[in-house]
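A.B. asks: Just passing along the structure, written as structure tokens.
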Amino acid sequence: MAEEGLMEKIVSLCKRRGFVFQGSEIYGGLAGTWDYGHLGVALKKNIENLWWRFFVESRDDMYGLDSAILMNPKVWEASGHVQGFADPLVECSKCKHRFRADHLEDTTKCPECGGKLSEPRQFNMMFKTSVGSVDGSDTAVYLRPENAQGMFVNFKNIIDSYHPKLPFGIAQIGKTFRNEIAPRDFIFRVREFDLMEFEYFIEEKNWEERFEYWRGQMQEWFKKLGFGPEDIKEIEIPDGERAHYSKRTVDFHFNYPHKFDEIGGLAYRTDFDLNNHIAHSGTDLSYLDPNTNERTVPHVLEPTFGLGRHLLAVIVKAYTEDELGGEKRVYLKFPPHLAPVKAAIFPLLKNKPELVEKAREVYQNLKKEIPQIVWDDNGNIGKRYRRQDEIGTPWCVTVDFDTLGEKPELKDTVTLRDRDSGEQKRVQVSELSALLKSGITV
Ligand code: GAP
């Protein structure tokens, strides 16, 4: 059970330390939008780069894609999103607040003011916009509500360019838009978010075996983020509750402060999408088996992961309050490979030019090897430690008088402080890079 008030503490830390800000804050915000600051961007990139390495670059059967957000509107007719991508909406007759009926226990009474709620109606979640043309007639288009369709409409391009053999996958990380009825829980449910997903094309006869394989890979992925069995639950989605395209879905839920809730999912989309695109576009999207010379329409498994929900989960897991040296502190216990800052380099005193010069030299040499390090000379050492702890920096390196040779036997050594234990040890400057790299590598 997550601690009460934890989400508020996390929202506050994210703003205070520059991870995540409210979208359009100076104009009072825009519901369901959030902006990522320098540290939030760094953390997000660390997660998505790790995902790309794990699911794409470390494999021989995966092809990357970056498709356009705006697509021909026929795509969304073929995919079933125009007809079927809707949530049940109820509106309060008194305060006019809108709710998702499937998120309420009582769908007749407003949870905010007690007013009478309307009958549920289906509300399509796609954002509609238009593209102009020279003759003045606009065409209605949608901001994509999932990245998957980019992979389906490029299926033939991938086959023609790379000639992959089944099974193979097409992966993409990018923005997705959904007009959520009630955005909530910080960056958990938003209207604009990054999705990391791939379509894995298979022969129909293998789907159950391959479903289990990808389920196992997803479990491995969550371990890479430092999540244990207490953090992740798998939920089999029953008949009648799955997305319109899915014959089987297992959702992965993370233990968020508000409750266990979806962070990712694995769906068996059958040949639903490719067949619909064949019917609507008239393009042959079959696969020619080089062994049998037969043409078939492949089936598809789809592992999908919300990037913002991952970032929130990594912060929730890392958030720690303890006492160190008799003082209370808050810190983010990020696994070093995910930490947005790997190490902070300080001169012991900033008004001693010889210390600053040596510390700058250590910093600049190390930054060439490990770009995610920072220089910090603000305030006293204690304050710097607190600040770095709060943003989850695993190590702090201090250049002091011994580094300069005050004690000759300690010349060219620095103190290396560990975030979690607060312990410090002396290490050779020449060993720093290898030492930090070994801690960061997964
Ligand atoms: N292509 C499949 C697909 O889009 P989904 O379950 O609708 O499946 C995928 O969404 C993932 O996107 C979810 O597992 C979740 O992590 C994330 N997600 C969905 N809606 C979201 C929202 N409104 N805000 C943030 N993340 C969301």
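A.B. asks: Need pairs with beta-carbon distance below 8 Å; first residue near the ligand (Cβ under 9 Å from one of its atoms) and within the stretch 181-197, second at pLDDT below 95 and not charged (D, E, K, R); sequence gap 6+ or separate chains.
C.D. replies: Sorted first by the residue in the stretch 181-197, then by its partner, the pairs are R189/A182.
A.B. asks: Right, next: Within the stretch 241-253, does at least one residue satisfy the condition of being within 14 Å of the ligand (Cβ to nearest atom), surrounded by fewer than 19 Cβ atoms within 10 Å (Cβ to Cβ) and of a type in the set (S, T, Y)?
C.D. replies: Among the residues of the stretch 241-253, at least one is within 14 Å of the ligand (Cβ to nearest atom), surrounded by fewer than 19 Cβ atoms within 10 Å (Cβ to Cβ) and of a type in the set (S, T, Y), which makes the answer yes.
Quick grid of which residues meet (1) modelled with pLDDT of 95 or more; (2) small (G, A, S):
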| position | (1), (2) |
| --- | --- |
| V356 | yes, no |
| R360 | yes, no |
| K367 | yes, no |
| V399 | yes, no |
| G405 | yes, yes |
| R419 | yes, no |
| R426 | yes, no |
| E431 | yes, no |
| T441 | no, no |
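A.B. asks: Also, quick follow-up: Kindly provide the set of residues from the stretch 368-390 that are without any contact (Cβ under 8 Å) to a residue 12 or more places away in the chain and farther than 28 Å from Y319 by Cβ, ordered by number.
C.D. replies: Selection gives K368 alone.
A.B. asks: Could you pull out the residue among K94, K44, K74, K116 that is touching a residue at least 12 places away in the same chain (Cβ under 8 Å) and touching a His at 6+ places or on another chain (Cβ under 8 Å)? First the steps, then the outcome.
C.D. replies: Details: K94 fails: touching a His at 6+ places or on another chain (Cβ under 8 Å); K44 fails: touching a His at 6+ places or on another chain (Cβ under 8 Å); K116 fails: touching a His at 6+ places or on another chain (Cβ under 8 Å).
Of K94, K44, K74, K116, the one residue that is touching a residue at least 12 places away in the same chain (Cβ under 8 Å) and touching a His at 6+ places or on another chain (Cβ under 8 Å) is K74.
A.B. asks: Among (1) surrounded by 21 or more Cβ atoms within 10 Å (Cβ to Cβ); (2) away from the ligand (no atom under 16 Å from the Cβ); (3) not polar (S, T, N, Q), which single condition is G150 missing?
C.D. replies: Of (1) surrounded by 21 or more Cβ atoms within 10 Å (Cβ to Cβ); (2) away from the ligand (no atom under 16 Å from the Cβ); (3) not polar (S, T, N, Q), only one is false for G150: (2).
A.B. asks: Check whether at least one residue in the stretch 313-323 is assigned to a strand (DSSP E or B), within 16 Å of the ligand (Cβ to nearest atom), of a type in the set (A, V, I, L, M, F, W, C) and touching a residue at least 60 places away in the same chain (Cβ under 8 Å), and report yes or no. Before the answer, list the steps.
C.D. replies: Restricting attention to the stretch 313-323, the residues satisfying the condition of being assigned to a strand (DSSP E or B) are 319-323.
If we keep only those that are within 16 Å of the ligand (Cβ to nearest atom) as well, we get none.
No - not one qualifying residue is present in the stretch 313-323.
A.B. asks: Moving on to the next point. Give the residue that is surrounded by the fewest Cβ atoms within 10 Å (Cβ to Cβ), with candidates limited to residues of the stretch 272-304 that are away from the ligand (no atom under 16 Å from the Cβ) and within 18 Å of E77 (Cβ to Cβ).
C.D. replies: Applying the first criterion (away from the ligand (no atom under 16 Å from the Cβ)) to the stretch 272-304 yields 275, 278-298.
Retained after the next criterion (residues that are within 18 Å of E77 (Cβ to Cβ)): 275, 278-283, 285.
Values: N275: 14, I278: 17, A279: 9, H280: 14, S281: 15, G282: 7, T283: 11, L285: 19.
Result: G282.
A.B. asks: Check the stretch 330-349 and report whether any residue there is without any contact (Cβ under 8 Å) to a residue 60 or more places away in the chain and in a helix (DSSP H, G or I).
C.D. replies: So far as the stretch 330-349 goes, no, none of its residues is without any contact (Cβ under 8 Å) to a residue 60 or more places away in the chain and in a helix (DSSP H, G or I).
A.B. asks: In the stretch 99-139, how many are hydroxyl-bearing (S, T, Y) and at pLDDT below 90?
C.D. replies: 3
The values are calculated or read from the model by the stated rules, or taken from the named source; none is laboratory data. Just so it is clear, the structure is predicted and the values come from calculations on it, not from any experiment. Please note: Cβ atoms are built from the backbone with ideal geometry, for glycine as well, and neighbour counts cover all protein chains shown.
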